[in-house]
Amino acid sequence: MLRKFAVMASIAALAATGAIADGEEDDEIVDHTVMIMDFNFFPVVSYIDNGDRVEFINETDAPREIHARKALNRWSTGVLQPGESFEMVVTSGSQLYFIDVADETIAGNFSFEPAPLD
């Protein structure tokens, strides 16, 4: 519980300082992080541009595997042990919707639309 609080506090601090990618330049490759939590992803929706990098980090106490929802062009993180991560480049050809293999109700997605706060 304390670890999750510390992670969430760190994200809030990064967002407040602008250290999380803001995507101001269209040609800039931006790094994004998706945290795998016990009952969801954080963030659930990642607003990205073509060619951005996304890192999935397993913040749970159990092994987890995330993969694209549809079989066509499916990508997978493979099994991530607690604390392990997986990095991928998302392109316009990538599957944008993803699920937790152990619990398919845990879902997230990437969006090429502008973030709501932009």
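Candidates in region 63-87 are the residues that are hydrophobic (A, V, I, L, M, F, W, C) and in contact (Cβ under 8 Å) with a residue 24 or more places away in the chain; of these, the one that is nearest to Val101 (Cα to Cα) is Ile66. Please state which of the following conditions Ala13 fails to meet, knowing it meets all the rest: (1) part of a loop (DSSP other than H, G, I, E, B); (2) at pLDDT below 95. With respect to (1) part of a loop (DSSP other than H, G, I, E, B); (2) at pLDDT below 95, Ala13 is out only on (1). Do we have Ala6 as at pLDDT below 95 and surrounded by fewer than 12 Cβ atoms within 10 Å (Cβ to Cβ) here? Taking the combined requirement at face value, the residue satisfies it. Residue-level check: of (1) surrounded by fewer than 16 Cβ atoms within 10 Å (Cβ to Cβ); (2) acidic (Asp, Glu); (3) within 14 Å of the chain's Cα centre (by Cα), Glu104 misses just (3).
Look at Arg69 and say whether it is basic (Lys, Arg), at pLDDT below 95 and surrounded by 13 or more Cβ atoms within 10 Å (Cβ to Cβ).
Numbers: basic (Lys, Arg): yes; at pLDDT below 95: yes; surrounded by 13 or more Cβ atoms within 10 Å (Cβ to Cβ): yes.
Yes: the conditions hold for Arg69.
For region 23-64, a tally of residues being more than 17 Å from Val89 (Cα to Cα) and modelled with pLDDT under 95 returns 2.
For region 27-44, which positions are within 21 Å of Val101 (Cα to Cα) and either over 8 Å from the mean Cα position of the chain (by Cα) or part of a strand (DSSP E or B) (or both)? Hits for region 27-44 are Thr33, Val34, Met35, Ile36, Met37, Asp38, Phe39, Asn40, Phe41, Phe42.
The values are calculated or read from the model by the stated rules, or taken from the named source; none is laboratory data. Being a predicted model, the structure only gives us computed values, none of them experimental. Here Cβ is always computed from backbone atoms with ideal geometry, including for glycine, and neighbour counts include all displayed protein chains.
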